[in-house]
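See structure below.
The values are calculated or read from the model by the stated rules, or taken from the named source; none is laboratory data. Keep in mind that this is a model prediction, so the values were computed, not measured. Neighbour counts run over all protein chains shown; Cβ positions are idealised from the backbone, glycine included.
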Amino acid sequence: MIRLIDVVKEFDCKRKVRALDGINLSIDRGEMVALVGPSGSGKSTLLNLIGTLDRPTSGEIWLDGQNLSGLTDDELTRIRRDKIGFIFQFFNLLPSLTCVENVALPLHLRGWKKAQARARAEELLELVGLKHRLEHLPDELSGGERQRVAIARALSVYPPILLADEPTGNLDSKTGAEILDLIRDLHERLGATVLMVTHDAGVAASCERTITLRDGRLAGDEVRAARR
Amino acid sequence: MMLLKLITWPYVRKHLLRCTLTTAGIVLGVAVFVAMHTANQSVLYAFNRTVDRIAGRTQLQVSAGEAGFPEEVLEKVQSLPDVEVAVPVIEATVQTGIPGMGNLLVVGVDMTGDRSLRDYELETADETIVDDPLVFIAQPDSIIVSRQFCDKTGLKLNDRLTMQTMAGPRQFTIRGVMSAGGLASAFGGSLAIMDIYAAQMVFGRGRRFDRIDLAVREGVRVEEARQRIQAALGPGLQVEPPTSRGAQFEAMARVYSMTANITSVFALFIGLFLIYNTFSIAVTQRRAEIGILRALGAPRSLIRNLFLAESALAGLFGSLLGIVLGVAMARGVAGYIGEYFGEVYGVGEKAEEVAADPRLLGLALLIGVATSVFAGWLPARNAARVDPVKALQKGRVQVISEGENRLRRLVAVAMLAGAVGCVFLSSHPFFFYLGYMLSVLAVLLLTPTLCTLLTRWLRPALKWLRPVEGALAADSLLQAPRRTSGTVAALALSVALVIGLGGISRASYSTIGAWVKTSLNPDFFITGSETITQRSFRFPESFADDVARVEGIEEVQPVRSTRILYKGTPVMLVAADVEKIARRVRARIVDGDRESMYARTARGEGVIISDNFSLLRRVKRGDVIELAAPNGLLRLPVLGIVVDYSDQQGTILMSRDLFKRYWGDDTVNAMRVYAKPGVDRAALRQKLLETFGSRTRLFVMTNEELRAYIMKLTDQWFGLTYVQIVVAVLVAILGIVNTLTVSITDRKRELGVLQAVGALRNQVRHTIWMEAAAIALLGLVIGFALGAVHLYYILDVAKRDVAGLRLEYLYPYGIAAVLLPVLLGSALFSAFGPAEGAVRMSLVEALEYE
Amino acid sequence: MSKAWAVLLVAAAVVRAQDARSIVEESQRRARSGSQRYEGTLEVIDAKRKVTTKRWIYERLGSAGNSKAVLRFTAPAEVKGVALLIHNHPDRASDQWMWTPAVQRERRIAYQDRKTRFFGTDFTFEDLEERDVDRSTYRMLGEEAIEGVPCWKIESTPKPEARSQYTRLYLWIRKPDYVAAQIDCFQRDRVIRRIRYSDVEKVQNIWTARRIEVHDLTRDSRTILRLEKLEYDVTLPADLFTLQALRRER
């Protein structure tokens, strides 16, 4: 499903910073993977590359059998739109849109009819347990609720790949656990491939596979039976 | 101060262009204010300087408006015990006909003794001629010109130049050249001096003087002497210090300041909104920074003061820039105003140098800074309310402006009600202007509400255009009314300003055009001066009969028009055969009985006044007006009021007989000539010129030429209005560019999210474009509406305080139609850059952008 | 003793003052004639020694203090026909009118203008009028010779009502024939104008200076007037000295 070959990412700051240094990685369809490592090890960068928000300096990334290198921005956007759901640490909801509008946004962008999009958005919000919050603005919600909205949005197009950047990082542990359960539940029910960046050993332990990054290199890749 | 340097400067440096654009409204508002007033002041200053230089050591001047008075007054003045020296003067402007020279001011003085008051500083020591006043007086073709005039024209001592005089074309000999400085630099150096008795002949003045300049006996207080001389001469003659002529001139120039003030206020209002908008957004963008400051222990007041200081600085910067721009603009404007006054009032004055009054500049600075601080006040308060905990928490957006909508709507409705109430009390100027202000403010306060309403209506249209992007754009507008309404309000103000200016010019054209068509129907106008507005040259009365005898002419109506003082303001007095004119012209009567008023005026039982005289001087039918004539005080009832735009300050029509009796003046400065039906006009004109051209100076203008001339004057009058329109449009465009840039920067993260969740580049682009177009459209629609209100008021201002023009309400659809594509275009154009920036930005950065 | 001397001095002063006045009176009496006519040649020599010449005919009817005179320019061509009419009055300043043929206008020379120069000459309008004896006070200053002729030197101070431009005048009057030889005109303490009379001849029993030179000391310019074809007691019709006559003649 996801394949990375010798992926290198450098940032041009005052000094050249090599954030990722030759990553080779393969994630199969339906896997639920935790990406761990200390701060600055390149986790988020890796996630952004896979999520097509950014391009690698060198190396190849394959998604669903398609090589991303050489694609235009719009082609990348289409892949992102159709195949990837994003869950951000800081939710990145549009503050001026209601929950249901936020969730329906990607559908609108794909040209869905309003009623259709709304129906799907409501369905998804119900799925994440926010049926009673449809018309609320993000500011009126708690952190956990917002993350649920973000997850609903990420799922709106039923993407085969779900990318999450510290989805519980901004939440208290109880809410974090709930969200994690939700993601796992969705993973199981929808069969999406999940790649989740996390700090939390507990979170990582709940995944079938844990990939560890250190200084931009792959430092570990451990597969085990998921602990529920 | 340290904070300003540490916190503000880096932000400003990062957004330099945007910050500069933000001050655009202030810059232009201050610039217009400074330019117009400086220009006015400069022209006035130049005028006063000319008066000063010609006056020399004159302490008092005796005059009878512009009409002049018989020679006998001189001996009477000279015999008064307070008078040391009294000398007669004739002043007239003539077109030189030399390209680039414009008007020449000819001063006729008595060369036998006048030197005690003026220093002619005669140079070119050809003393036998120059210094021989005997030759100068013996030869009436003698003139003295300034060195500047010689330099410009290449003429020199003893050269001849031809001038058309009332006794036919005459050659004049330069018998003296004044060195630069002093008298010679009056009227920008375009000055000639001739013997007063020669001037009487050249200008057809008969035995009359325009003015007597005098110096009082040593040891006598000037003001006391003035009162005694005034008492001795009676009310028909004005005895005033030379400086009072400046005050009269000022009254004429006031009109320009008035319209300029309205434009300045609008531009400053626009500036207010731009600054408010930018600061509001800046507060949001810098929330984290504010949070850190607060967390580090800065009290709320410090934060507020920081933002207030920033807005004050922005105001200062904008005002300074505006002052520089304004002073630069003033030069051109001054030239323009000077030319216009030369054309219309015959007192044309070239402002050689533009000198800005430091008090004016100080006031401009104050207004600019105050506007800016006022605009920054609300954002500064909001900044002070930033919660440090929430601000530092990433991902949490604190809504810092809530719950004002209702209050604002309430205030707006109250204001609207107030404005409506004021309409009923509008006869009182205070309530009139209050109503004006309230209605504009109400519309501005309602702008957010109106924006929401209009956007709802607009949404389907946008969606129809582009289903996804249209909806996104409309929603973005709907969901952030605060961000939108500032821009829309600024834009609406600009549009309203343009509509008002355009409307007033359109209405003026149509009103003046209609008047010209009905009232100026003679086939020819014969004048002694190049234009109908100049009255320097006059015909003897008998000349009208000579013209009437020419084959093919049916009727000649001799007219003597002159500017007299009515309650200290120069107004136009027209002395004519009232009944003859009434038979030919069906003037629109505002008040009075057509049958009796002309007959009674012809009998000298009263006067007919123009509508604008009535409005400006607050005179009604039946009122008795007092006119001070050299031969006595005239008290006459107003018998009728007619529409007449001969003069901006108002016109009084009286019978020629009465004028001759009271002013002792039987000269004529214009003749209305009607040809017999079926006579070839061109041939008749030729015949008139051939018959009289060698005998006297005359200009024969056809009806078409006169109409074209008056329309040209109207054009000139509105020339500056067009400049103001351009300024207003410029402000509008700058406003759009500014707010869109700001707004899109503000939404960097939002646009990033949009792309992250799958928006294609074109979708982002289209959304931004449509948003911009929608904002422009909102501004236009509200502006068109506000413009309609503004136009209503500005027409009333024109009627009651500026020109007494009773203008029809004509909405300038043409200008509105032009504004639509111009502003939509500039909105799209200004959205172009930000849109490209948005699609090219790094998504990773954008998503982390705060 | 000193007291006695003082009395004597005062008395002498009175006698002398009377003397001075009577000398001036005698001078005017001797010049008196019923009428006068001459052709004047006027040379103005300015500070740069540039010379301009003008000619006029002067006719006067009546005698000092109560006369009428017409001065008519004959050359050069530019000024030909310009005329000045003077009506002298014993009790007040004269009336003066100027006639300019080209504009067909006479103009009154206002009182205030008497101190201005008479059209490019070094005379002022005031210098052209006759001064009645009683309009000044006199004081004998002593005796001095002018061009070898012994003269009385007399100070003449115009009375305030005369409204003269001059603060005082020094007159030199020739002892032999009572003809004025020189007049120094003062403004405050400065001589601004010096008039010299010379070429004294006896014409029809009246001693007359045929050459008058005015020296303007501030401008350093001179005007020399020569009296030619001088005649006294010629018959002149009175209506010649009216404004109407001025207008009639071109």
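General remarks:
- Screening the stretch A:42-131 for helices (runs of 4 or more DSSP H) wholly inside it with 2 or more residues that are over 25 Å from A:Glu10 (Cβ atoms) returns the ranges A:73-83, A:99-109, A:114-127.
- Among the helices (runs of 4 or more DSSP H) confined to the stretch B:452-560, the ones with at least 2 residues that are of a type in the set (D, E, K, R) and touching a residue at least 40 places away in the same chain (Cβ under 8 Å) are located at B:481-519.
Matching residues to (1) assigned to a loop (DSSP other than H, G, I, E, B); (2) within 19 Å of B:Asp110 (Cα to Cα); (3) modelled with pLDDT under 85; (4) hydrophobic (A, V, I, L, M, F, W, C):
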| residue | (1), (2), (3), (4) |
| --- | --- |
| C:Pro90 | yes, no, yes, no |
| C:Thr121 | yes, yes, yes, no |
| C:Glu144 | no, no, no, no |
| C:Pro150 | no, no, no, no |
| C:Glu155 | no, no, no, no |
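- Subset tally (residues that are assigned to a loop (DSSP other than H, G, I, E, B) and either in contact with a helix residue (DSSP H, G or I) (Cβ under 7 Å, 6 or more places away or on another chain) or at pLDDT 80 or above (or both)) for the stretch B:75-101: 5
- Residue within the stretch C:220-238 that is part of a helix (DSSP H, G or I), of a type outside the set (Val, Ile, Thr) and within 22 Å of C:Arg32 (Cα to Cα) present: yes
- Check on A:Leu163, of a type in the set (A, V, I, L, M) and without any contact (Cβ under 8 Å) to a residue 60 or more places away in the chain: no
- Which listed residue, of C:Asp134, C:Asp189, is in contact with a Gly (Cβ under 9 Å, 6 or more places away or on another chain), more than 14 Å from chain B (Cβ to nearest Cβ) and free of Cβ contacts under 8 Å to residues at least 60 places away in the same chain: C:Asp134
One line per residue, one yes/no per condition, for (1) crowded, with 18+ Cβ neighbours inside 10 Å; (2) modelled with pLDDT under 80; (3) out of contact with any Gly (no Cβ under 6 Å at 6 or more places or on another chain); (4) part of a helix (DSSP H, G or I):
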position	(1), (2), (3), (4)
C:Ser27	yes, no, yes, yes
C:Gln36	yes, no, yes, no
C:Ile57	no, no, yes, no
C:Asn66	no, yes, yes, no
C:Leu84	yes, no, yes, no
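- Filtered residue count, the stretch A:101-159, keeping only those that are surrounded by fewer than 20 Cβ atoms within 10 Å (Cβ to Cβ), within 12 Å of chain B (Cβ to nearest Cβ), within 25 Å of A:Asp181 (Cβ to Cβ) and not polar (S, T, N, Q): 3
- Among the residues of the stretch B:528-546, those identified as over 19 Å from B:Leu706 (Cα atoms) and either surrounded by fewer than 22 Cβ atoms within 10 Å (Cβ to Cβ) or at pLDDT below 80 (or both) are B:Pro540, B:Glu541, B:Ser542, B:Ala544, B:Asp545, B:Asp546.
- Any hit, the stretch B:257-264, residues being modelled with pLDDT of 80 or more and either outside the structural domain of B:Gln648 (by TED's automatic domain parsing) or under 30 Å from the mean Cα position of the chain (by Cα) (or both): no
- Exclusive hit being buried (at least 23 other Cβ atoms within 10 Å of the Cβ) and within 21 Å of B:Gln557 (Cα to Cα), set B:Asp666, B:Asp644, B:Asp657: B:Asp644
- Complete set of residues in the stretch C:92-119 that are outside any strand (DSSP E or B) and basic (Lys, Arg): C:Arg92, C:Arg114, C:Lys115
- A count restricted to the stretch A:169-203 and to residues that are out of contact with any Ser or Thr (no Cβ under 8 Å at 6 or more places or on another chain), among the polar types (S, T, N, Q) and crowded, with 17+ Cβ neighbours inside 10 Å stands at 2.
- Among (1) over 14 Å from the mean Cα position of the chain (by Cα); (2) at pLDDT 85 or above; (3) within 14 Å of chain B (Cβ to nearest Cβ); (4) surrounded by fewer than 21 Cβ atoms within 10 Å (Cβ to Cβ), the one test that C:Leu71 misses: (1)
- Taken together, the residues in the stretch B:455-472 that are within 12 Å of another protein chain (Cβ to nearest Cβ), closer than 26 Å to B:Asn738 by Cβ and buried (at least 20 other Cβ atoms within 10 Å of the Cβ) amount to 3.
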